[in-house]
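For reference, the structure discussed in these notes is given below.
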Amino acid sequence: MDFSFSEEQEMLRELAREILEKELSPERVKQVEASPDWFDRELWAGLAAANLLGTAIPEEHGGMGFGIEELVILFEELGRTVAPTPAFAALALAALPIAQFGSDEQKRSWLPRIASGETILTAAVVDADSRDPMSPATHARQNGDGWILEGHKRFVPALGIAERVLVPAATGRGVGIFLVDPQLRGVRSEAHRTSTGEPLWELELDDVRVPAGDVLGGEPSDGPARVTWMVLAALSAVNATQVGVSERALELTAKYVSEREQFGQPIGAFQAVQHRLADCFGDLDAMRWSHWRAVWRLAHGLDAGREAAVAKFWAADAGSRIANTAMHVHGGMGVDMDFPIHRYFLWSKFLELSLGSAAPTLAWLGKDMARQGPKEIA
């Protein structure tokens, strides 16, 4: 395991940071957050022009040809700037699984258009009637040369602007992933605004007919492994975003305590403040390295289920502590809606709960260890 970054990875980070910090002022973020789509289209076009939307898309389909390791570097930078874009939906939930498992026709149809910013796709991995995304209650039955889907999904990002939504569904022979057109008959959706302003959608499927060509990879037989990989990749994107959010929140807080004076000296000189921030920096390191261990294993085709859960626990638990400390140390400025730190607090809380908060993740880890025992570190 090697956690050092290559020259290409460092260059990608620098490019993403340069574009995002140049384009996204707090005023612009505030304006985009108030828009119905919660989508900075101008920034999205800029990321496409730099080919950053194609980070994990093969070169033959218009991308850079990198993988999940490079993509989560982009997500860290998106988290640092709390960028209101559909990147999680389009790049992590859709482009990664299509690039990994899609048929040749599916790759040709969708990946170049995602890389160019022409289209948005998303996925519905949270099932309303199942706590295990690898065992969805949503089901599909074969009908002639196609499939009929029934089910209820929650917390679907970017559905209002998506051309397709990837839907995992039980088939009776396993789990398949279906590319569903949101305009099909029998598809109903409703948006709900989160605390960050981002709309998440409920998706109901009632007798929805999907052609056989819209099964990811052409056949649902290998679906369980594909859904597992898809969920682990999504967790990695969430964890990477939380690392970026927390890192930038700490930078803003360190700057604030070095400038805010009380009793004739900066409040950063007080031991109580120093101790709290030191704890936060320790938490940030734990988040970062547990996250990168899981990503490394996933990128190298190794079992990463337990490692991804450990990383999600740290992202949720430590991310919450960092966000709370940043707000507390900022005092009254922390609740000023025109001051940027509150936005990092809201994002951190949203990411803490995305795809499982700390307590259920820890419970899953305990059950997994009781069932399989400890694993050798590799």
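Give the value in nm², to one decimal: projected area of the alpha carbon convex hull of the stretch 224-372, averaged over all directions.
Quarter of the Cα hull surface area: 9.7 nm².
With θ taken as phi - 60° and the Karplus curve 6.51 cos²θ - 1.76 cosθ + 1.60 applied, the whole-hertz 3J(HN,Hα) list for the stretch 72-78 is 6, 4, 4, 5, 4, 5, 4 Hz, x standing for glycine and proline. Calculated on the Cα set of the stretch 158-308, radius of gyration then Dmax: 22.3, 72 Å. The reciprocal of the average 1/r between distinct C-alpha atoms defines the Kirkwood hydrodynamic radius, which for the stretch 58-201 equals 16.1 Å.
Counting only residues at least eight positions apart within a chain, or on another chain, the lysines with an alpha carbon under 28 Å from that of Lys375 are Lys312, Lys367. Each of the chymotrypsin sites (Phe, Trp or Tyr not before Pro) that DSSP puts in a loop and that has at most 13 other Cβ atoms within 10 Å breaks the chain; the longest unbroken stretch is 4-262.
Sequentially through the stretch 165-181, phi angles give Karplus couplings (6.51, -1.76, 1.60; θ = phi - 60°) of 10, 7, 10, x, 8, 6, 10, x, 10, x, 10, x, 10, 10, 8, 9, 7 Hz, Gly and Pro residues having no value and appearing as x.
Given Cβ point charges of +1 (Lys, Arg) and -1 (Asp, Glu) and nothing else, what value in debye, to the nearest 20, does the dipole of the stretch 123-221 about its Cα centre take? Could the numbers behind the result be given before it?
Values: 10 positive and 15 negative charges, 14 e Å.
I would put it at about 60 debye.
Taking amide H as placed 1.01 Å from N in the peptide plane, the amide H of Phe178 sits under 5 Å from that of Val167, Ala169, Leu216, each at least 5 places away or on another chain.
Return the single residue from His139, His152, His328 with maximal mean-square fluctuation; model: Gaussian network over the chain, springs between Cα atoms under 10 Å. Comparing His139, His152, His328 in a Gaussian network model of the chain, the most mobile one is His328. First obtain the Kirkwood hydrodynamic radius of the stretch 7-119 from its Cα pairs, then insert it into the Stokes-Einstein equation at 20 °C and 1.002 mPa s, and state the resulting D in µm² per second as a whole number. The Stokes-Einstein estimate is 152 µm²/s. What the pair-distance distribution of the stretch 123-221 shows, using all Cα-Cα distances binned every 10 Å from zero, is 17, 52, 26, 4, 0 percent. Ranked by the mean number of other Cβ atoms within 10 Å of their residues, highest first, the peptides 159-170, 10-21 fall in the order 159-170, 10-21. The string of couplings for the stretch 60-70 from the Karplus curve (6.51, -1.76, 1.60, θ = phi - 60°) is 5, 10, x, x, 7, x, 8, x, 5, 4, 6 Hz, one whole number per residue in order, with x for Gly and Pro.
Bin width 10 Å, origin at 0, all Cα-Cα pairs of the chain: what percent of pairs per bin? That works out to 5, 24, 33, 25, 10, 3, 1, 0, in percent per bin.
The numbers here are math on the coordinates, done by the rules we state, and not lab data. In this text, all values refer to a predicted model and were calculated from it rather than measured experimentally. Counting neighbours? That spans all protein chains shown, and the Cβs are built from the backbone with ideal geometry, glycine included.
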